[in-house]
Amino acid sequence: MIKNKELNELINKEWIITNGLGGYASSTICGANTRKYHGLLVAPLTPPARRHLILSKVDESITINGKTYNLYTNICKNYISEGYKYLTDFNKEYVPVFNFNVNGIEIEKTICMKYRENTVCILYKIKNTENTIHLNVAPIINFRDFHCVNKDHNFNIRQNINNTKVKVVVDGISEYPIYIKCSEGEYKEHVNDIFKNMYYIEEEKRGFPADENHAVTGVYTIEIKPNEEKYITFVCSLEENIDEIDASEVINSERKRLDKIIENTELLNGSNDEDKKTKEKNKFIKDLIIATDNFVVFRPSFILHTVIAGYPWFLDWGRDALISFEGLLLKTKRFEIAKEVLMTFVKNIKYGLVPNGYSGFDNRPLYNSVDSSLLLFEQIKKYIKYTGDYEFIKDNLYKTLIQIIECYQKGIDVDNNNIYIDRDNLLVSGTETTQNTWMDAKYGDFAVTPRNGKAVEINAMWYNALKILEELSKNFEEAENAQKYAKMAKLTKSAFNEKFYNKSKKCLYDVLGDSKIRPNQLFALSLTYPVIDPSSEIAKEIMNTVTKKLLNKYGLKTLAKGEEGYTEVYEGNSYERDISYHQGITWVWLLGLYYDAYKNIINSTTLKTEKKKLQEELNKFIETTYKTFKSDLYNQGMIGSIAEIYDSKVPQLPKGALAQAWSVAEVLRIIL
């Protein structure tokens, strides 16, 4: 436990930037690494997978008249360096910028990754006073899978030094040499210099090993004359060709790239002369658009774009990508990338199953998902809504959709998914030890929320998929197919409405036979084709129950308070966190379901006074969402992004993945 209040505030705020390949740089706003996932170059060796920590951090100091002032902050169990005391400001818009002041000497440090390369650049801007000073720059190197730590490790370092460019080979891994370079100065090699026992306070909280050794390969020393203003570039890369890299050019290029994305969205309102409220909203929207870009990455093995589910630890997951699809790609008018993402997740369809993800070790597709394939239908429908591009769907995806429905009809048991249509025309999936819905927490062979059988959202999505395929079949003039899917949908809807209504709790069963109040029932109202009539009394009861029992300003709780197993704080070791993950913790992305369900109810309401009242309630919900995350984006957790989950107990701290695609996507979608 760190008792220093000032330091606590600094290490509880983090930042991240990414390189479009799945690599990233991330740390706290004072530069102290508190997680094994922190690092200035975390590079995917097989993009976007096999992420490895390459450059842990860079420790800088200033020497004035023989006295050295450390700008870095490092945490060990028995020692904390105090560079944070010289930190005067931190800002993260496009990239993180740190400002330090030492006896009137101003040091600005900007970090930026080179797009589509495993390269990180640091730009130092020094404004000196009346004395000659020296800036000392010490790279702290590692080479390990980012899920692990090199505890008690003594590194075998080989260096090839050519002026200020250095080739570093760690532990004999010669196929992945690390290149470092400074734009000027003198490099002094360090031999057997080990940074011992860097302490990751967040890993200890999570029940993981929390100490790590790193290698300090050497130090660059740069002289700065009296009253001189100097720009210095430091580069670390897995690419050899770094000789001509100028950090200021990399930073400007990244800003221009992001500005182009923002401009193309056409989402900002008015001009710079608008009122304060409009300016604030424009800034928030702009920063959310920048946040969306972190998740859009290129998968070279497919020559296609994909979507990272969350940072730091997730890769591209089918379910997450498809739920994020509209907010990340359609709202922001990245339609060509949207097409690629759809093609990415149909590329490896097997037995009718869209991959839930890909292995982080060998890129092998994983099929532990019943809903990814069904979500594909909804996102294809949304793609058409935004683009009108039926031709792309007909040429590339229509037959795939037909095959998915046929496979679900025949039954699928790959990876124990146990998917089949029962005699009552409802969809069955899973086993007691299988996790194939989004509530997929599992500890060993123990499934925390197995949800096997007839799950509410799976059947709502099944009905929706049939209706969308019916619509596409009509559009493509395949009348026989259209009639077939219409009939199947009608039978499913009839059975659903007969069996899923829970009269005693005035909501829907989460799984037939399970009366726990959960948010999954919103799928029955929120999709393009709601399986529950949005104008019905049941629809109003569902929304009333969900609003009272599950909704809070950060999202929806995954289980109502009072239900067996309810937990409202996400903390502890792996087992404790897995047990609570879907048992009452608040998830941001569920706000999107709530929003869509409300809109469908409003659109189905014919009485003007009731319609107006409902719209006013929805507007309040939108305003609350806007105010909540406008504050959150800049003041806690991952600065400039939105976390995966939040505690359901005040103060509702952000938890889980620090930056989550579907959280950002759904908040952006709601407020626009």
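Taken together, the values in this text are just the output of simple stated rules run on the coordinates, not laboratory data. Owing to the predicted nature of the structure, the values given are computational and were not obtained by experimental measurement. For neighbour counting, all protein chains shown are included, and Cβ atoms are generated from backbone atoms with ideal geometry for every residue, glycine included.
With 10 Å bins beginning at zero, the pair-distance distribution over Cα atoms of the stretch 521-617 amounts to 16, 41, 27, 12, 3, 0 %. How many percent of the alpha carbon pairs in the chain exceed a separation of 35 Å? Roughly 44 percent, rounded to a whole number. Relative to the Cα centre, the charge distribution of the stretch 118-259, modelled as +1 at Lys and Arg Cβ and -1 at Asp and Glu Cβ, gives a dipole magnitude of about 140 debye.
Only Cα pairs under 8 Å and 6+ residues apart enter the sum, and on that basis the relative contact order of the chain stands at 11 percent.
Please give the FRET efficiency for D243 paired with S504, using the beta carbon to beta carbon distance and R0 = 56 Å, rounded to the nearest 0.05. Calculated value: 0.20.
The modelled label-to-label distance for the pair E6/R158, using points 7 Å beyond Cα in the direction of Cβ, is 4.6 nm. Quick one: dipole size for the chain, taken about the Cα centre, charges +1 on Lys/Arg Cβ and -1 on Asp/Glu Cβ, in debye to the nearest 20. Using only the charged Cβ atoms, the result is roughly 1680 debye. Modelled spin-label separation between T528 and E189, with each label point placed 7 Å from Cα along the Cα-to-Cβ direction: 6.3 nm. Amide hydrogen proximity for G637: with H placed 1.01 Å from N in the peptide plane, the residues at 5 or more positions away or on another chain lying under 5 Å are E14. Out of every Cα pair in the stretch 133-188, what percent are spaced more than 20 Å from each other? Distances greater than 20 Å cover 33 percent of the Cα pairs. Pop the C-beta distance of S81 and S174 into the FRET formula with R0 = 41 Å and round what comes out to the nearest 0.05. Computed FRET efficiency for S81 and S174: 0.80. Filter the GluC sites (Glu not before Pro) in the stretch 457-521 down to the DSSP loop ones having no more than 12 other Cβ atoms within 10 Å, then list what survives. In loop regions of the stretch 457-521 (DSSP not H, G, I, E or B), the sparsely surrounded GluC sites (Glu not before Pro) are E477. When E563, E212 are arranged by Cβ crowding within 10 Å, least crowded first, meaning fewest neighbours, the order is E563, E212.
Normalising by residue count, the stretch 255-312 has a Cα convex hull of 108 Å³ per residue. Think of the stretch 364-452 as having a plus end and a minus end, set by charges on the Cβ of Lys, Arg, Asp and Glu; of F377, I405, L427, F377 sits farthest toward the positive end of this dipole. Each other residue within a Cβ distance under 12 Å of K649 adds +1 if Lys or Arg and -1 if Asp or Glu, for a net charge of 0.
Put in line by how crowded their Cβ is, counting other Cβ atoms within 10 Å and starting with the fewest, I75, I141 read I75, I141.
Taking one quarter of the surface of the convex hull spanned by the alpha-carbon atoms of the stretch 416-524 gives a direction-averaged projected area of 7.5 nm². Quick check: from the Cα gyration tensor, does the stretch 5-255 come out rounded (a/c under 1.5), prolate or oblate? It comes out rounded by the Cα gyration axes.
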